């Protein structure tokens, strides 16, 4: 599945998007954040406060309990500041 | 005109012309009695900023604003609804966002425009970054508690 990152999440991770194979045991958005955080310092820095990260699956907002199985595109980003 | 109107949602780098957009909604019609417009502009924060940079999530930005706009159409008897949001580098004094709500009477237009802006600020995937007066890229703007509270005014609006 494709992961996309925006704003300071993108900057800290150091890339705008990537393709990943979901590892065994990653069921929810929350699991995904925990797994990503352990990958390296950039992810760890970006996701240090996972509760602050907003998530969209297939371009729709979801909460952290949402299952990730079958998602085409998952985006992680800070709270929005448009308008 | 019968049936629900279709909101006109545009995400673009280019500027917009407020008067032209109002005309686009009202020209040749005699059923519109009220038009409320909201334009959001870039401030320089007392000279501290040289520009704002707006990042967005292409695809989802259109989809999310369209979802909010369709909810406004379902809640108020609107004759027209336009939402335009810019992205990219925006200079102080320049336009960022435009909302136009048209209806038969003023209350629906006022409320729909306010509703659309409140949810656009907290749910549309845009992020502002400040560029300092010295030209350096600075901090990402932080989301405010006040904006989040404003969206809770419309408490019976639940998405999904």
Over segment B:74-89, the set of residues under 16 Å from residue B:109 (Cβ atoms) and either assigned to a loop (DSSP other than H, G, I, E, B) or in contact with a strand residue (DSSP E or B) (Cβ under 7 Å, 6 or more places away or on another chain) (or both) is B:76, B:77, B:78, B:79, B:80, B:81, B:82, B:83
Within segment A:25-50, the count of residues that are within 14 Å of another protein chain (Cβ to nearest Cβ) and either within 30 Å of residue B:83 (Cα to Cα) or in contact with a strand residue (DSSP E or B) (Cβ under 8 Å, 6 or more places away or on another chain) (or both) comes to 1
Just to be sure, is residue B:74 away from every other protein chain (no Cβ under 14 Å) and either at pLDDT 95 or above or under 21 Å from residue B:45 (Cα atoms) (or both)?
yes
So residue B:71, is it touching a strand residue (DSSP E or B) at 6+ places or on another chain (Cβ under 8 Å) and surrounded by 15 or more Cβ atoms within 10 Å (Cβ to Cβ):
no
Selection from segment B:46-71 of residues away from every other protein chain (no Cβ under 11 Å) and free of Cβ contacts under 8 Å to residues at least 24 places away in the same chain yields B:46
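Right, residue B:39: more than 10 Å from every other protein chain (Cβ to nearest Cβ), within 30 Å of residue A:8 (Cβ to Cβ) and touching a helix residue (DSSP H, G or I) at 6+ places or on another chain (Cβ under 9 Å) or not?
On the way: more than 10 Å from every other protein chain (Cβ to nearest Cβ): yes; within 30 Å of residue A:8 (Cβ to Cβ): yes; touching a helix residue (DSSP H, G or I) at 6+ places or on another chain (Cβ under 9 Å): yes.
Yes; evaluated as a whole, the condition is true for this residue.
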Matching residues in segment A:29-83 (more than 30 Å from residue B:9 (Cα to Cα), touching a residue at least 40 places away in the same chain (Cβ under 8 Å), surrounded by fewer than 19 Cβ atoms within 10 Å (Cβ to Cβ) and within 11 Å of the chain's Cα centre (by Cα)) number 0
Of (1) within 16 Å of the chain's Cα centre (by Cα); (2) within 30 Å of residue B:131 (Cα to Cα), residue B:110 fails just (2)
**Prompt:** In this structure, does residue B:92 turn out to be at pLDDT 95 or above, within 10 Å of chain A (Cβ to nearest Cβ) and in a loop (DSSP other than H, G, I, E, B)?
**Reply:** no
- State whether one or more residues within segment B:99-107 are at pLDDT 95 or above, more than 20 Å from residue B:44 (Cα to Cα), more than 10 Å from chain A (Cβ to nearest Cβ) and assigned to a helix (DSSP H, G or I). yes
All conditions in (1) within 11 Å of chain A (Cβ to nearest Cβ); (2) touching a strand residue (DSSP E or B) at 6+ places or on another chain (Cβ under 6 Å); (3) within 20 Å of residue A:60 (Cβ to Cβ) are true of residue B:128 except (3)
>> It is to be established whether one or more residues within segment B:131-146 are within 12 Å of another protein chain (Cβ to nearest Cβ), at pLDDT 95 or above and part of a strand (DSSP E or B).
In response: yes
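The values are calculated or read from the model by the stated rules, or taken from the named source; none is laboratory data. Every value quoted in this text rests on a predicted model; they were computed, and no experiment measured them. All Cβ positions, even for glycine, are placed from backbone atoms using ideal geometry, and neighbour counts span all protein chains on display.
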